[in-house]
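Below is one structure, written out as structure tokens, with a few remarks after it.
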Amino acid sequence: MNSPVYFASVRARGDGESKIMKVRRLFDAAGFATLVEPGDLVALKIHFGERGGDAYVNPVFVRQVVDRLHALGARPFLTDTATLYRGSRSNAVDHMTLAYEHGFSFATVNAPIYIADGLDGRRGVTIAIEGRHFRTVSIASGIADADAMIALSHFKGHEVAGFGGAIKNLAMGCATRAGKRQQHAARPMVLAQNCEGCGRCISICPVGALSLGADGRARIDPELCIGCFDCLNHCRSGGIEIDWETDLSQFLERMAEYALGAVHTKPQKVGFLNFLLAITPDCDCVPWSDAPIVPDIGILASRDPVAIDAASFDLVNRQMGFPGSLLETNLAAGEDKFQGLRRMTDSGQLLRYAEAIGLGSRQYELIEV
């Protein structure tokens with residue numbers, strides 16, 4: 001059976017045809033009102049962007065969802081989780097400050113912000129799943145404890161996964177820092193050309209895995225390293241990094257399993273909005289927003305995360321690519337834009353595996369509203 005995916009085109013002319021009004025109509029058409037009851041605490045899973053980027057979901061669109069939930073008697077809050085890497089979102093204080101800078105103030109969105117995994121990204125709950133890689137996953141407590149959730153995702157390219165949409169928003173976005181490490185299954189490494197030999201990483205390593213070598217640069221003992229990434233988060237020179245491109249196939253499977261764990265916390269009470277606007281080549285985690293790779297397309301809503309990502313994937317690939325963008329191959333309509341960006345990725349694998357483990361269906365019916 002095909003999962004319904006509701007679509008509103010980016011075209012808007014005349015009264016009631018703005019993108020703002022279309023968000024409201026999508027909320028109603030997708031039946032999101034049935035997800036909540038009066039008094040429910042509803043997590044609006046959002047990515048606030050990274051300092052320097054500007055392609056994240058517009059707070060004005062988020063406000064439409066908040067107002068719809070308030071009208072139903074629900075209690076919505078905006079939420080996200082801490083990052084593993086250096087940047088403006090590695091702890092709750094910096095994260096909330098960044099969100100306010102990007103326009104997610106109470107005056108704009110009419111809802112509070114709550115960073116779901118606590119001050120330092122460690123507050124989570126263990127959720128049981130049946131996966132190839134995991135039997136349990138670590139989901140941020142503030143998301144697991146919410147009564148319902150609506151994930152608002154900017155659909156775009158991604159450096160490792162190929163694309164980022166609803167599934168990635170669930171998987172990485174709802175996991176604790178420990179859960180993110182499990183998905184990446186990576187260990188930090190020293191970039192000798194950037195290391196200044198300051199010793200800061202050595203002083204904060206909880207297991208003594210770092211030392212200074214004879215060349216005055218940091219070294220990591222892989223036998224002692226526990227992958228906590230404290231060194232990466234405290235390095236100020238860019239001397240610690242992660243090889244994100246290893247083991248891509250299993251990475252996609254691990255990510256799908258974490259997405260499954262995120263929705264397991266609230267069966268039948270999760271909805272999804274994908275924004276196919278400013279479709280950039282990179283994740284919103286980077287501190288810039290490169291030129292879009294295809295034209296703006298529209299906004300989608302569904303209660304099936306696999307179906308909405310499959311529809312988003314297909315809609316992007318139907319477009320003609322923009323010459324002069326990072327997309328240098330596969331520009332023709334019908335060609336895989338995400339593989340054109342990064343040849344090593346197979347974005348379809350994420351959708352296939354997510355369907356295989358019961359996260360949703362790749363078969364969808366696109367319904368225009």
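The values are calculated or read from the model by the stated rules, or taken from the named source; none is laboratory data. Source: prediction; values computed, not measured. Here the Cβ is made from the backbone with ideal geometry for all residues, glycine too, and neighbour counts use every protein chain on show.
Restricting the search to helices (runs of 4 or more DSSP H) fully inside the range 219-332 and requiring at least 2 residues that are touching a strand residue (DSSP E or B) at 6+ places or on another chain (Cβ under 8 Å) and modelled with pLDDT of 90 or more gives 248-264, 305-317.
Please find, within the range 229-287, the residue that is farthest from ILE202 (Cα to Cα) out of those that are among the aromatic types (Phe, Trp, Tyr) and touching a Lys or Arg at 6+ places or on another chain (Cβ under 8 Å).
Let us first name the residues in the range 229-287 that are among the aromatic types (Phe, Trp, Tyr), namely 229, 244, 251, 258, 272, 275.
From what is left, the residues that are touching a Lys or Arg at 6+ places or on another chain (Cβ under 8 Å) are 229, 272.
On the way: PHE229: 12, PHE272: 42 Å.
Out of the qualifying residues, it is PHE272.
Applying the criterion of being acidic (Asp, Glu) and surrounded by 18 or more Cβ atoms within 10 Å (Cβ to Cβ) to the residues of the range 78-131, the residue that is nearest to the chain's Cα centre (by Cα) is ASP80. If the condition is being buried (at least 23 other Cβ atoms within 10 Å of the Cβ), touching a Lys or Arg at 6+ places or on another chain (Cβ under 9 Å) and not small (Gly, Ala, Ser), then the range 138-155 contributes ILE143, MET149, ILE150, LEU152.
Residues in the range 349-369 that are touching a residue at least 12 places away in the same chain (Cβ under 8 Å) and farther than 15 Å from ARG303 by Cα: 7 in all.
Here is a yes/no grid of residues against (1) at pLDDT 95 or above; (2) closer than 26 Å to GLU37 by Cβ; (3) touching a Leu at 6+ places or on another chain (Cβ under 7 Å):
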site: VAL62; (1), (2), (3): yes, yes, yes
site: ASP67; (1), (2), (3): yes, yes, no
site: ALA71; (1), (2), (3): yes, yes, no
site: MET96; (1), (2), (3): yes, no, no
site: ASN110; (1), (2), (3): yes, yes, no
site: ALA116; (1), (2), (3): yes, yes, no
site: VAL125; (1), (2), (3): yes, yes, no
site: ALA140; (1), (2), (3): yes, yes, no
site: VAL160; (1), (2), (3): no, no, yes
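Out of the residues in the range 305-361 that are aromatic (Phe, Trp, Tyr) and over 17 Å from the mean Cα position of the chain (by Cα), which is farthest from ALA259 (Cα to Cα)? Lay out the reasoning, then the answer.
Step one: list which residues in the range 305-361 are aromatic (Phe, Trp, Tyr), which gives 313, 322, 338, 353.
Cutting the leftovers down to over 17 Å from the mean Cα position of the chain (by Cα) gives us 322, 353.
Values: PHE322: 31, TYR353: 11 Å.
It comes out as PHE322.
The condition (being over 27 Å from ARG362 (Cβ atoms) and either more than 21 Å from the chain's Cα centre (by Cα) or surrounded by fewer than 17 Cβ atoms within 10 Å (Cβ to Cβ) (or both)) is satisfied by just one residue among ARG25, ARG13: ARG13.
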